[in-house]
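S.K.: Can you keep this structure in mind? I'll have questions shortly.
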Amino acid sequence: IKNGNTIWRTEYKHGDNSPNRMIIAGNKLLVGANWNGLIAFDKNTGKKKWTSKEDGFNFTCTTPLVKDNKVIMTSNNSIFEINLDNGKLIRSKLYEGYDFYTASQPILEGNSLYVTSSNNGVLKIDYSTLDIIWNFKTGKNLVNAAPYSLNGEGDVQGSVLLVGDSIVFGATDGYLYSIDKNGILLNKYNIGSPILSKVAQYNENIIVVDFSGNITSIKYDGKNFIRKQ
């Protein structure tokens, strides 16, 4: 950062670039490579430490979540938990009918794991068992943002935002959603353009960037979106 000189450079082949965010965990840099799973590099030297490519864990759009030396990710139709030290699989679970082609990051609160899908909206997962507690579905997609999807519905590309006792997120159907932690709709607001990223909170406002290039700031009282008159 002082002079712009290259410290190290590494190339990893046999995989396509992924839309997920690179994550630094300890001395490791975690990088997703579609068709080649998840790769851990030494963040100081660029040397590859391990590659995790289990059955079904090859299309890594999702941003990794690191918790207690474990990497939690969705891939294809499954959730995976990987050992951060060596990339070995700890456990996984297949969810028939669910596609996880999103760039979002799982959110863990206590024993509740919140993940988004590209065809079935938002899921709340029991972290201890990986069983689905509830599934909140969103509407028809305004654009096709996920691989292998055409004229579908239920695509939520951004991570959810936990705000007190509520959950806020945007969807590809163009709506901003507020639901409670039981998966019940509290309120929704029509942005009118696909929302592909995580929303942000600033003071009492929710900030949304949409596909048309607009930024919207709307007041949120913990349940409802309040439009100024």
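The values are calculated or read from the model by the stated rules, or taken from the named source; none is laboratory data. Predicted, not measured: the structure shown is a model, and the values here were computed from it. Here the Cβ is made from the backbone with ideal geometry for all residues, glycine too, and neighbour counts use every protein chain on show. Side chains are part of the model used for accessible areas, which takes the heavy atoms of the whole protein and leaves out ligands, DNA and RNA. Shrake-Rupley method; radii C 1.70, N 1.55, O 1.52, S 1.80 Å.
S.K.: Considering only the stretch 160-229, give the strands (runs of 3 or more DSSP E) lying wholly within it that have at least 1 residues that are of a type in the set (Val, Ile, Thr) and out of contact with any Lys or Arg (no Cβ under 8 Å at 6 or more places or on another chain). Lay out the reasoning, then the answer.
M.R.: Working: elements: 161-163, 166-170, 175-180, 185-190, 200-202, 205-209, 215-220.
The qualifying strands (runs of 3 or more DSSP E) are 161-163, 166-170, 175-180, 205-209, 215-220.
S.K.: Does ASN203 satisfy being under 25 Å from ASN144 (Cβ atoms), open to solvent by 80 Å² or more (accessible area, probe 1.4 Å) and out of contact with any helix residue (DSSP H, G or I) (no Cβ under 9 Å at 6 or more places or on another chain)? First the steps, then the outcome.
M.R.: Numbers: under 25 Å from ASN144 (Cβ atoms): no; open to solvent by 80 Å² or more (accessible area, probe 1.4 Å): yes; out of contact with any helix residue (DSSP H, G or I) (no Cβ under 9 Å at 6 or more places or on another chain): yes.
Answer is no for this residue.
S.K.: Continuing with this model, one more query. Let me spell it out: the conditions are (1) assigned to a loop (DSSP other than H, G, I, E, B); (2) under 11 Å from the mean Cα position of the chain (by Cα); (3) at pLDDT 95 or above, and ALA103 meets all of them except one. Which number is the exception?
M.R.: (3)
S.K.: A further question on this structure: Going through the stretch 74-104 one residue at a time, which ones are open to solvent by 50 Å² or more (accessible area, probe 1.4 Å) and either charged (D, E, K, R) or in contact (Cβ under 8 Å) with a residue 60 or more places away in the chain (or both)?
M.R.: Hits for the stretch 74-104 are ASP85, LYS88, ARG91, LYS93, GLU96.
S.K.: Condition first: farther than 25 Å from THR129 by Cα, under 16 Å from the mean Cα position of the chain (by Cα) and β-branched (Val, Ile, Thr). Can you find one or more residues in the stretch 29-52 that meet it?
M.R.: Within the stretch 29-52, one or more residues are farther than 25 Å from THR129 by Cα, under 16 Å from the mean Cα position of the chain (by Cα) and β-branched (Val, Ile, Thr).
S.K.: Further, regarding this structure: Looking only at the stretch 26-73, how many residues end up being in a loop (DSSP other than H, G, I, E, B), hydrophobic (A, V, I, L, M, F, W, C) and open to solvent by 30 Å² or more (accessible area, probe 1.4 Å)?
M.R.: Step one: list which residues in the stretch 26-73 are in a loop (DSSP other than H, G, I, E, B), which gives 26-27, 35-37, 43-47, 53-64, 68-69.
Retained after the next criterion (residues that are hydrophobic (A, V, I, L, M, F, W, C)): 35, 57, 59, 61.
Next, from what is left, pick out any that are open to solvent by 30 Å² or more (accessible area, probe 1.4 Å): 35.
So the count comes out to 1.
S.K.: Sticking with this structure for a sec: Of the residues that sit in the stretch 1-25 and are among the polar types (S, T, N, Q) and closer than 23 Å to ASN76 by Cα, which one is most open to solvent (accessible area, probe 1.4 Å)? Can you show your working first?
M.R.: Residues of the stretch 1-25 among the polar types (S, T, N, Q): 3, 5-6, 10, 17-18, 20.
Of the ones still in play, those that are also closer than 23 Å to ASN76 by Cα are 17-18, 20.
Details: ASN17: 128, SER18: 26, ASN20: 18 Å².
Looking at residues that are among the polar types (S, T, N, Q) and closer than 23 Å to ASN76 by Cα, I get ASN17.
S.K.: Oh, and also: Going through LEU176, LEU113 one at a time, which residue ends up being open to solvent by less than 10 Å² (accessible area, probe 1.4 Å), over 15 Å from GLY222 (Cβ atoms) and among the aliphatic types (A, V, I, L, M)?
M.R.: Just a single option satisfies the conditions, and that option is LEU113.
S.K.: For PRO19, only one of the following conditions fails: (1) assigned to a loop (DSSP other than H, G, I, E, B); (2) under 15 Å from the mean Cα position of the chain (by Cα); (3) at pLDDT 90 or above. What is its number?
M.R.: That leaves (3) as the condition not met.
S.K.: Follow-up question, since we're still on this one. Please indicate, with yes or no, whether at least one residue in the stretch 131-139 is at pLDDT 95 or above, of a type in the set (Gly, Ala, Ser) and open to solvent by less than 10 Å² (accessible area, probe 1.4 Å). First the steps, then the outcome.
M.R.: Our first condition is that a residue be at pLDDT 95 or above; within the stretch 131-139, this holds for 131-139.
With the extra rule that they be of a type in the set (Gly, Ala, Ser), the set shrinks to 139.
From what is left, the residues that are open to solvent by less than 10 Å² (accessible area, probe 1.4 Å) are none.
No, because not a single residue in the stretch 131-139 is at pLDDT 95 or above, of a type in the set (Gly, Ala, Ser) and open to solvent by less than 10 Å² (accessible area, probe 1.4 Å).
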